Amino acid sequence: MSEHQGMHPFFAERVLGARPSATKEMTRLANQLQREGRSIVALSQGEPDFETPAHIRQAAKAAIDRHESRYTEVAGTLALREAVARKFERDNGLRFSPDQIQVGGGAKQILYNALQATLNVGDEVVLPVPAWVSYPEMVRLAGGTPVLLRCGAAAGFKLTPQQLDEAITPRTKWLMLNSPANPSGAVYSARELAALAEVLLRHPQVWVMADDVYEKIRYDDAPFATPAALAPEIAARTLTINGVSKAYAMTGWRIGFGAGPLALIQAMNLVQSQSTSHACSISQAAAIAALDGPMDFLPGFVTAFRRRRDRVVEGLNRIEGLRCDLPPGAFYAFPGCQGLLGRRDGAGRLLATDADLALYLLREAGVALVPGSAFELPGHLRLSYAASDESLDEALRRIAQACAQLR
Ligand SMILES: Cc1ncc(COP(=O)(O)O)c(C=O)c1O
């Protein structure tokens, strides 16, 4: 990173080589403009705008009053890991004992722990892209090499068995899969996962990291599929990751969890024991209430997201130069913007890339979104539609107006 280069040589090469989170960076820029008095519609961060349900908040207050304010076990309290085991059995048909489960400070921490626990310098991690901004950077921070496989709109933003087969080498350690996906909203069916698993069965050195954090945010009736449920041979080398951030509107509580083979979880516990120790005790108590409690709020969340998705996708497709398919999951629209690249703004500045276009939309229209290049698929934009109907309508109006001004 250019702003880091002046710091060399005090800072570690692995940090100098890493990029800050582009979504957080866009949000920071938007906040800065807002402080300067600009009106900004921020669609750059991926978090539900709903309140955490009341029974979960209540459980946290009760935990405070019970003085649950001490260190917990590194892997998380036994009570929470038992609740996580119930969740996996109930929702996914997966059976784990509590010692096969790690709770951490968000799914992000679980991903990080797993990569730190397993990667040596030069180990390869196969990553279908577009992918969540943190995957490649976390791989690099752990000394690994991300192997990026482009999965464009024509492929539904999904990896094909042939792509996977061609990418695997003796150094491949992990395939990272995210369904429903950030940023594309793509969802893998059981059949598609089974076809990928067939390839993996021929390559026993490759493990699977299944990031299922958007499991509950899906818009069709197809049953949810996750790799570990496909076959025991795959389950024996899969880490299944989920959390409470997205489904329960609990991003700030920082609770995620992973379940998989005992030896992997033990190695991840070692990493966690020497870094963060464990997730917040009060948040852990709240997460038990989330996982064991009623889910009657969820249809309301999903219905609101679906309505906003339809509205946003329709609005984007009405803008000349943008093209957006209807994403079947998560809460992002990921339109292609190639039709607008190469044009010039009112001041004659060339918008050559999606990053130029995203900056133009932030500065000119006051709409914060993230360029596809941040997710390793240039020529796109990502908008989070986890925002109020009014702000989405306002964002669409502003984007349309700003795009119409390009020549
Ligand atoms: C694909 C994906 N995985 C993991 C996370 C992190 O979730 P958590 O809040 O549980 O750390 C996110 C958050 O944006 C995400 O998009």
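Checking Ala267 against (1) farther than 29 Å from Ile64 by Cβ; (2) crowded, with 19+ Cβ neighbours inside 10 Å, which test does it fail?
Only one criterion is unmet by Ala267, namely (2).
Let me spell it out: the conditions are (1) within 24 Å of Asn182 (Cβ to Cβ); (2) in the same structural domain as Asp389 (by TED's automatic domain parsing), and Glu13 meets all of them except one. Which number is the exception?
The failed condition is (1).
Quick check on Cys324: is it touching a strand residue (DSSP E or B) at 6+ places or on another chain (Cβ under 9 Å) and on the phi < 0 side of the Ramachandran plot?
It is true that Cys324 is touching a strand residue (DSSP E or B) at 6+ places or on another chain (Cβ under 9 Å) and on the phi < 0 side of the Ramachandran plot.
Under 7 Å by Cβ, and 6 or more places apart or on different chains, what pairs join a residue from region 171-199 that is farther than 13 Å from Leu127 by Cβ with one that is away from the ligand (no atom under 16 Å from the Cβ) and in a strand (DSSP E or B)?
Hits for this filter: Arg171/Glu124.
For region 198-210, what are the residues that are open to solvent by 10 Å² or more (accessible area, probe 1.4 Å) and touching a strand residue (DSSP E or B) at 6+ places or on another chain (Cβ under 9 Å)?
Of everything in region 198-210, those that are open to solvent by 10 Å² or more (accessible area, probe 1.4 Å) and touching a strand residue (DSSP E or B) at 6+ places or on another chain (Cβ under 9 Å) turn out to be His203, Gln205, Trp207.
Provide a single number: the residues in region 374-400 that are open to solvent by 40 Å² or more (accessible area, probe 1.4 Å) and either in contact with a helix residue (DSSP H, G or I) (Cβ under 6 Å, 6 or more places away or on another chain) or not assigned by TED's automatic domain parsing to the domain that holds Glu314 (or both).
Within region 374-400, residues that are open to solvent by 40 Å² or more (accessible area, probe 1.4 Å) and either in contact with a helix residue (DSSP H, G or I) (Cβ under 6 Å, 6 or more places away or on another chain) or not assigned by TED's automatic domain parsing to the domain that holds Glu314 (or both) number 1.
For (1) touching a residue at least 24 places away in the same chain (Cβ under 8 Å); (2) out of contact with any Pro (no Cβ under 9 Å at 6 or more places or on another chain), each residue gets a yes or a no:
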position: Glu68; (1), (2): yes, yes
position: Val74; (1), (2): yes, yes
position: Val84; (1), (2): yes, no
position: Lys87; (1), (2): yes, yes
position: Pro98; (1), (2): no, yes
position: Gly106; (1), (2): yes, yes
position: Gln116; (1), (2): yes, yes
position: Glu124; (1), (2): yes, no
position: Pro128; (1), (2): yes, yes
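Hey, any hits in region 132-145 for a residue that's within 16 Å of the ligand (Cβ to nearest atom), open to solvent by less than 40 Å² (accessible area, probe 1.4 Å) and without any contact (Cβ under 8 Å) to a residue 24 or more places away in the chain?
There is no residue in region 132-145 that is within 16 Å of the ligand (Cβ to nearest atom), open to solvent by less than 40 Å² (accessible area, probe 1.4 Å) and without any contact (Cβ under 8 Å) to a residue 24 or more places away in the chain.
Do any helices (runs of 4 or more DSSP H) entirely within region 36-121 hold 2 or more residues that are open to solvent by 70 Å² or more (accessible area, probe 1.4 Å) and under 29 Å from Pro223 (Cβ atoms), and if so, which?
Result: 78-92.
Do you know which residues across region 46-82 are under 24 Å from Val302 (Cα atoms) and either away from the ligand (no atom under 16 Å from the Cβ) or among the charged types (D, E, K, R) (or both)?
Correct list: Glu47, Asp49, Glu51, Pro53, Ala54, His55, Arg57, Gln58, Ala59.
Does region 86-100 include one or more residues that are within 16 Å of the ligand (Cβ to nearest atom), touching a His at 6+ places or on another chain (Cβ under 7 Å) and modelled with pLDDT of 95 or more?
no
For region 101-124, which residues satisfy the criterion of being more than 16 Å from the ligand (Cβ to nearest atom) and out of contact with any Leu (no Cβ under 8 Å at 6 or more places or on another chain)?
Leu119, Asn120, Val121, Gly122, Asp123, Glu124
Being modelled with pLDDT of 95 or more, within 16 Å of the ligand (Cβ to nearest atom), more than 22 Å from Cys280 (Cβ to Cβ) and outside any helix (DSSP H, G or I) is the requirement here; does Leu127 meet it?
So Leu127 passes the test.
If we scan region 246-257, do we find a residue that is more than 16 Å from the ligand (Cβ to nearest atom) and either surrounded by fewer than 24 Cβ atoms within 10 Å (Cβ to Cβ) or at negative phi (or both)?
no
Which of the residues belonging to region 82-101 are among the polar types (S, T, N, Q) and more than 18 Å from Gln266 (Cβ to Cβ)?
Asn92
Determine if region 273-285 includes at least one residue that is open to solvent by less than 20 Å² (accessible area, probe 1.4 Å), part of a loop (DSSP other than H, G, I, E, B) and within 16 Å of the ligand (Cβ to nearest atom).
Scanning region 273-285 turns up at least one residue that is open to solvent by less than 20 Å² (accessible area, probe 1.4 Å), part of a loop (DSSP other than H, G, I, E, B) and within 16 Å of the ligand (Cβ to nearest atom).
Of everything in region 162-188 that's in contact with a Pro (Cβ under 9 Å, 6 or more places away or on another chain) and away from the ligand (no atom under 16 Å from the Cβ), which residue is most open to solvent (accessible area, probe 1.4 Å)?
So the residue we want is Gln163.
Which members of region 286-332 meet the condition of being more than 30 Å from Arg397 (Cα to Cα) and either open to solvent by 40 Å² or more (accessible area, probe 1.4 Å) or part of a strand (DSSP E or B) (or both)?
Of everything in region 286-332, those that are more than 30 Å from Arg397 (Cα to Cα) and either open to solvent by 40 Å² or more (accessible area, probe 1.4 Å) or part of a strand (DSSP E or B) (or both) turn out to be Ile288, Asp292, Pro294, Met295, Asp296.
The values are calculated or read from the model by the stated rules, or taken from the named source; none is laboratory data. Remember, predicted model here, so these are calculated numbers, not experimental data. Cβ atoms come from the backbone with ideal geometry, glycine included; neighbour counts cover every protein chain shown. Heavy atoms of the whole protein, side chains included, go into the accessibility calculation; ligands, DNA and RNA do not. Shrake-Rupley method; radii C 1.70, N 1.55, O 1.52, S 1.80 Å.
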